[in-house]
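Chemist: Got a structure for you, questions after.
Please treat every number below as a calculation from the coordinates, not as lab data. Keep in mind it's a predicted model, so treat the numbers as computed, not measured. With ideal geometry, Cβ positions are generated from the backbone for all residues, glycine too; neighbour counts draw on all protein chains shown.
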């Protein structure tokens with residue numbers, strides 16, 4: 001073991017102890033205490049590969065604590081869209097114990113896969129951590145201990161140190177650092193310096209060393225949700241569907257973010273970015289469940305209001321599907337079309353009856369047609385409703401029905417039951433019928449059609 005590693009650990013823990021003795025600032029609450037936040041990072045790494053890193057976080061206030069859920073995808077790809085994909089899921093509880101002093105307990109899960117490449121040796125790690133956070137003078141310092149459970153990566157014990165220093169000396173520059181001392185023999189780190197361009201955009205330079213991965217440098221642009229509503233981001237959400245009685249899949253994980261590039265009373269230009277991951281079913285409830293692929297549907301829409309509260313829109317879509325852990329090329333399709341709806345965001349419960357219809361040309365499989373209808377209550381503490389959707393293309397037709405209940409607030413929570421069927425034409429796969437239960441979290445930033 002290098003002599004420098006114990007020295008680094010001693011310096012980190014000395015800094016954390018000094019920080020705990022700093023005067024208490026006037027700022028209270030927990031670390032990352034906004035109801036929900038999202039950041040989209042786009043850039044390149046030291047090998048000139050494309051890097052895309054979406055990360056979202058939801059905080060739920062309880063009686064004397066805050067529960068959090070954090071999902072992050074770190075994807076690096078070459079020009080053939082081959083590369084490592086790290087899925088990080090973090091969840092836990094933050095308990096304030098004194099002014100500007102919090103205790104966090106959580107479980108962090110890492111699963112690494114490689115797109116369009118045979119990769120039988122999947123990296124997975126599960127960290128269990130208890131960490132003390134202190135805020136002083138605008139700086140946040142954390143230190144804690146933990147261990148590893150169930151995963152293939154297991155160093156026994158784990159020590160961690162964190163530092164967050166926004167707006168250093170009143171400048172546009174911020175510093176963030178995390179050091180992990182695993183099994184008292186390996187040091188992993190995540191170091192970042194960023195420069196604020198606006199309240200919702202940063203340039204960042206990051207150096208990392210993660211589990212079973214070489215030291216890597218990243219540079220890029222980060223777009224994030226802003227506290228004052230000035231962000232490009234209009235809304236984002238996360239959904240998990242648990243499939244019942246399905247022999248192939250255990251669940252689907254799905255996230256979505258919409259960016260308003262132009263937002264005026266007479267027109268709107270938006271970019272919708274989604275990611276979807278189906279998880280294979282295993283032999284046990286707890287165990288390793290590899291994903292089949294990761295899918296990115298992108299949709300650019302130009303919308304104009306019409307008489308009678310209707311909205312017409314034109315769209316351009318690009319859909320990418322990247323197989324994971326097997327040597328198959330990515331698939332993609334490009335589409336153009338027109339549509340009509342009665343509100344900008346179909347999933348927002350702003351009207352008792354919502355609809356959206358669209359038809360267009362897909363350059364991969366000719367035409368695409370879709371229709372969505374929603375019926376629901378409006379303005380109650382808990383709204384209930386029903387959504388129906390039909391899609392058709394030359395190869396298949398699909399339909400789904402969802403019954404849901406939504407609790408409003410800074411973060412809307414929607415629980416639902418769903419039933420869907422896919423019918424394949426000609427010599428396609430067998431028709432499938434699926435039943436699922438799920439949970440969805442919404443965060444709206446624009447006030448247009450916002451549910452109060």
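Chemist: Once you keep just the Cα pairs under 8 angstrom separated by 6 or more residues, what percentage relative contact order results for the range 294-411? Intermediate values should be presented prior to the final figure.
Modeler: Values: 257 pairs, mean separation 18.3, N = 118.
This gives 16 percent for the range 294-411.
Chemist: If the chain between residue 417 and residue 300 were fully stretched, how many nm would it gain, using 0.36 nm times the residue separation less the Cα-Cα distance?
Modeler: Details: separation 117, 0.36 × 117 = 42.12 nm, distance 2.96 nm.
Using 0.36 nm per residue and subtracting the Cα-Cα distance, I get 39.2 nm.
Chemist: Which length gain, in nm to one decimal place, applies between residue 280 and residue 357 when the Cα-Cα distance is subtracted from 0.36 nm times their residue separation? Each step should come with its number before you reach the end.
Modeler: Details: separation 77, 0.36 × 77 = 27.72 nm, distance 3.19 nm.
Full extension of this stretch gives 24.5 nm more.
Chemist: Taking square-rooted eigenvalues a ≥ b ≥ c of the alpha carbon gyration tensor, is the range 65-169 rounded, prolate or oblate, where a/c under 1.5 means rounded and, failing that, a/b exceeding b/c means prolate? The partial results should precede the final answer.
Modeler: On the way: a/c = 2.71, a/b = 1.72, b/c = 1.58.
Note, shape of the range 65-169 comes out prolate.
Chemist: Give the peptides 333-341, 301-309 in descending order of average Cβ contacts within 10 Å, highest first. Intermediate values should be presented prior to the final figure.
Modeler: Numbers: 333-341: 15.8, 301-309: 12.0.
Per-residue mean Cβ counts within 10 Å order the peptides as 333-341, 301-309.
Chemist: A further question follows. Please give the calculated 222 nm ellipticity per residue for the chain, where each DSSP H segment of at least 4 residues contributes -39500 (n - 2.57) and the sum is spread over every residue; nearest 500 deg cm²/dmol?
Modeler: Details: 1 runs with 17 residues, N = 452.
Taken over the chain, the calculation gives -1500 deg cm²/dmol.
Chemist: From the square roots a ≥ b ≥ c of the eigenvalues of the alpha-carbon gyration tensor of the range 233-444, which class results: rounded (a/c under 1.5), prolate (a/b over b/c), or oblate? Write out the running numbers ahead of the final one.
Modeler: Values: a/c = 1.63, a/b = 1.23, b/c = 1.33.
Oblate.
Chemist: So what's the gap between the Cα centers of the range 305-358 and the range 197-222, to the nearest angstrom?
Modeler: Centre-to-centre distance over Cα atoms comes out at 31 Å.
Chemist: At 7 Å along Cα-to-Cβ for each site, give me the label-to-label distance between residue 217 and residue 154 in nm.
Modeler: Taking the simple label geometry, residue 217 and residue 154 are separated by 3.7 nm.
Chemist: For the modelled label position 7 Å from the Cα of residue 365 along Cα-to-Cβ, which residues of the range 391-413 have backbone nitrogen atoms closer than 14 Å?
Modeler: The answer is 391-399.
Chemist: At R0 = 25 Å, how high is the FRET efficiency between residue 375 and residue 407 if r is their beta carbon distance? Nearest 0.05 is fine. Mind dumping the intermediate values first?
Modeler: On the way: r = 18 Å, r/R0 = 0.74.
According to the calculation, E is roughly 0.85.
Chemist: Okay, moving on. Want the number for residue 327 to residue 105: 0.36 nm per residue separation, take away the alpha-carbon distance, what's left? Walk me through the numbers on the way to the answer.
Modeler: On the way: separation 222, 0.36 × 222 = 79.92 nm, distance 3.89 nm.
Here the segment from residue 327 to residue 105 would lengthen by 76.0 nm.
Chemist: Averaged over all directions, how much area does the convex hull of the C-alpha atoms of the range 167-262 cover when projected, in nm²?
Modeler: If I average the Cα hull's projected area over directions, I get 10.8 nm².
Chemist: Continuing with the same structure: Could you check the spin-label model distance between residue 307 and residue 431? Points 7 Å from the Cα along Cα→Cβ, value in nm.
Modeler: Between residue 307 and residue 431, the simple spin-label model gives 4.3 nm.
Chemist: With a ≥ b ≥ c the root eigenvalues of the C-alpha gyration tensor of the range 335-450, is it rounded (a/c under 1.5), prolate (a/b larger than b/c) or oblate?
Modeler: oblate
Chemist: If you don't mind, another one. Once label points are set 7 Å from the Cα along Cα→Cβ at both residue 382 and residue 261, what is their separation, rounded to one decimal in nm?
Modeler: If labels sit at residue 382 and residue 261, their model points lie 4.1 nm apart.
Chemist: Roughly how tilted is helix 4-20, in degrees to the nearest 10 and between 0 and 90, from the longest Cα axis of the chain?
Modeler: That helix lies at roughly 80 degrees to the long axis.
Chemist: Quick one: Cα convex hull volume of the chain, Å³ per residue? Intermediate values should be presented prior to the final figure.
Modeler: Working: hull volume 72.0 nm³, N = 452.
Once divided by residue count, the hull of the chain is 159 Å³.
Chemist: Using a Förster distance of 35 Å, how high is the FRET efficiency between residue 205 and residue 122, based on the Cβ-Cβ distance and rounded to 0.05?
Modeler: Values: r = 30 Å, r/R0 = 0.85.
After rounding, the FRET efficiency stands at 0.75.
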